[in-house]
Structure formats: structure tokens, C-alpha cells
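Structure first, commentary second.
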Amino acid sequence: MSEQTRPIAITATEAPAKAKRSNYPEPFASRMAGREKRPLGDLFGLGNFGVNLTRMAPGAMSALRHAHKRQDEFVYILEGHPTLHTNEGRTPLAPGMCAGFKAGTGNGHCLINETTADVLYLEVGDRTAGDAVDYPDEDLKALMVNGQWQFVHKDGTPY
């Protein structure tokens, strides 16, 4: 999208949803059913950080529980009552609540919608180069290589 065609402002819920629901390889990608991301930051050409408006249907999860080596993350709950799953356990969240995840701590995290209503939240993350992601509950690691995520088993063999 060129600078001339970028919007000045939009209604976030009207932003186009990502066509590809997940970058994960199978069998993990199908576990992201019920999650819809609208990449708001990309619409405005933001390069230093990403912003997504994400909706999770009942039973959906934000991501596999994960921890970034170099990129910080932040979530702000707009609607619904997700459960935040971290190394410390499960924490119920509500609209107006937020959580942040400092890079390099190893604290795996994700949101899970264990309710019967949709959850809507903003997620913000920086785009520090050379990131890697650990997935404590899965045989999976992600490496950022030339701006693309590459997924490998914990022993380093590719998916």
C-alpha cells in the first residue's frame, strides 16, 4: 500500500482481517480456528511495532503458549472475559484489563476464551530483529529469518 493510499483513520472493526489465520505449521495451525486478526498497524505502514485487533470465538485461543526472546508484547481487553495462561497459572481477565510480556523472561503466555461469548482485544508487539520464540508446551520453536518466521522442532529439525 503506497503512502497515498494509506488511510488517515479507520473504524478498527472494519479493517480487513488477515487472510491466513496462522503461520504455525500443522498440527498447530488448525488449533487457531476461531481467532480472527485485523492488522491495524500495517494499514498505516507502521514498521517498529505491530498492532492487531483480535477476536476470539468461544473455545478459541490467541496463540500457542509462547515466550519471545527479543520482542515485547502487550494486550488490552476490550470485550469478553478471556483467561490469561502464563507460567504463574491462569488469570481471569475482563474488559479494561491489560497485561504485558517483557522479552527474554521465558514467561510463556496466551489467552484462551473459555466462555460462551466472543473476546475482543488489542495486541501490540515490537518488531525487534533476530527474535526467536519458545513454546513450552509444544515440540516447537520459531526463528525470525529475513523477516519470516521459520518453525522447527526443539531439536532444530524443520517442520
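Please treat every number below as a calculation from the coordinates, not as lab data. Quantities reported herein were computed from a predicted structural model and do not represent experimental measurements. For neighbour counting, all protein chains shown are included, and Cβ atoms are generated from backbone atoms with ideal geometry for every residue, glycine included.
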* Structure fact -> Quick calc, the chain, dipole around Cα centre from Cβ unit charges on Lys, Arg (+) and Asp, Glu (-), nearest 20 debye, gives 180
* To do: Report which label in (1) 10, 38, 38, 12, 1; (2) 9, 27, 26, 20, 12, 5, 2; (3) 10, 41, 38, 10, 1 holds the value of P(r) over Cα pairs in 10 Å bins from 0, in percent derived from the coordinates of this structure.
  => (1)
* Structure fact -> Cβ-Cβ cut-off under 15 Å around residue 135, Lys and Arg +1, Asp and Glu -1: the net charge is -3
* Structure fact -> Distance in Å, no decimals, from the C-alpha centre of region 1-57 to the one of region 81-159 is 16
* **Counted charge near residue 15, where neighbours are those whose Cβ lies closer than 14 Å (Asp, Glu -1; Lys, Arg +1)** => +1
* Give the peptides 88-94, 101-107 in descending order of average Cβ contacts within 10 Å, highest first. => 101-107, 88-94
* **Residue-averaged [θ]222 nm for the chain, counting only DSSP H segments that reach four residues, each worth -39500 (n - 2.57)** => -500 deg cm²/dmol
* Contact order relative to length of region 21-130, as percent, for alpha carbon pairs under 8 angstrom and 6 or more apart -> 33
* Summed residue charge, Cβ within 13 Å of residue 105's Cβ, Lys/Arg positive, Asp/Glu negative -> -1
